[in-house]
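This report concerns only the one structure given below.
The values are calculated or read from the model by the stated rules, or taken from the named source; none is laboratory data. What you are looking at is a predicted structure, and each value in this text was computed from that prediction instead of being measured. All Cβ positions, even for glycine, are placed from backbone atoms using ideal geometry, and neighbour counts span all protein chains on display. Heavy atoms of the whole protein, side chains included, go into the accessibility calculation; ligands, DNA and RNA do not. Shrake-Rupley method; radii C 1.70, N 1.55, O 1.52, S 1.80 Å.
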Amino acid sequence: MESDLPIIIRPSRDDDVEPMLAIYRRHIRHGIEAGVEDTGTPQPDDLKDRRKNLRSRKLPHLVATRSGEVVGYAYVVLFRKRPAYRFTVKHSIYVHHQHLGRGIGRLLMQALIDACAAAGFRQMIGYIDAENGASLALHERFGFARVGLLPGVAYRHGKWSDSVMVQRSLGPGATQPIG
């Protein structure tokens, strides 16, 4: 059975780009009316360049695979570009729609938290659709607190949607200065 096959979390590679983009495109297009222009979707070369840039900055970019197939991915970017924010990252996790509810997001989240803590980051930030109960519950299980609500910032499924901002400390968080 497929559910008996192990899920492997590893750093992404260039040959993962196409399956990652397929996952991303489905998530981004889901609930958006036909005819709405999608100018922000990266192309394969864009994602390859982004991965290279993230790796050079020691920012994790991970994939989850099952039997060699990419079934999810996760990454972080700096929360803000200014130097004062260099210890805070914003994360994203995407799971293939046919593999939701199988623990892939949980495995990616744990690996991402571990990699960010090991790299010396102190805070993780995330933005989640307020109606995405599964993602909100996952974040709560991993110690993320709801720290903000952005009302009506997205338009999907024919209505305005809110985003929830979540935050989690890593390592000593904000309790100790950088030494």
Exercise. Out of region 65-95, which residues are open to solvent by 40 Å² or more (accessible area, probe 1.4 Å), of a type outside the set (S, T, N, Q) and assigned to a loop (DSSP other than H, G, I, E, B)?
Worked result: GLY68, ARG80, LYS81, ARG82, ARG86, PHE87
For this session: Could you please find all residues in region 141-156 being of a type outside the set (A, V, I, L, M, F, W, C) and either surrounded by fewer than 13 Cβ atoms within 10 Å (Cβ to Cβ) or under 15 Å from the mean Cα position of the chain (by Cα) (or both)?
Result: ARG141, GLY148, PRO151, GLY152
Exercise. Restricting attention to region 117-128, which residues are in contact with a strand residue (DSSP E or B) (Cβ under 6 Å, 6 or more places away or on another chain) and under 26 Å from ARG66 (Cβ atoms)?
Worked result: MET124, GLY126, ILE128
Problem set entry | Given (1) modelled with pLDDT under 95; (2) of a type in the set (Ser, Thr, Tyr); (3) under 13 Å from the mean Cα position of the chain (by Cα), index of the condition TYR127 fails | (1)
Exercise. Does SER92 satisfy the condition of being touching a helix residue (DSSP H, G or I) at 6+ places or on another chain (Cβ under 8 Å) and among the polar types (S, T, N, Q)?
Worked result: no
For this session: Determine which single condition ARG141 fails, assuming it passes every other condition in (1) at positive phi; (2) touching a Lys or Arg at 6+ places or on another chain (Cβ under 8 Å).
Result: (1)
For this session: Say whether the condition of being more than 20 Å from ASP129 (Cβ to Cβ) and at pLDDT below 80 is met by at least one residue in region 9-29.
Result: no
Problem set entry | Tally of residues being within 11 Å of the chain's Cα centre (by Cα) and under 21 Å from PRO19 (Cβ atoms) across region 89-124 | 9
Problem set entry | Cβ-Cβ under 8 Å pairs, at least 6 apart or on other chains, region 116-128 side on the phi > 0 side of the Ramachandran plot, far side open to solvent by 20 Å² or more (accessible area, probe 1.4 Å) | GLY120/PHE87; GLY120/GLY171
Exercise. Hey, among ALA130, ALA118, which residue is loosely packed, with under 13 Cβ neighbours inside 10 Å and farther than 29 Å from ASP4 by Cβ?
Worked result: ALA118
Exercise. What tally of residues in region 99-115 results from selecting those that are open to solvent by 40 Å² or more (accessible area, probe 1.4 Å) and either touching a residue at least 24 places away in the same chain (Cβ under 8 Å) or aliphatic (A, V, I, L, M) (or both)?
Worked result: 6
Exercise. Tell me, which residue of region 157-179 that is among the hydroxyl-bearing types (Ser, Thr, Tyr) and modelled with pLDDT of 95 or more is farthest from the chain's Cα centre (by Cα)?
Worked result: SER169
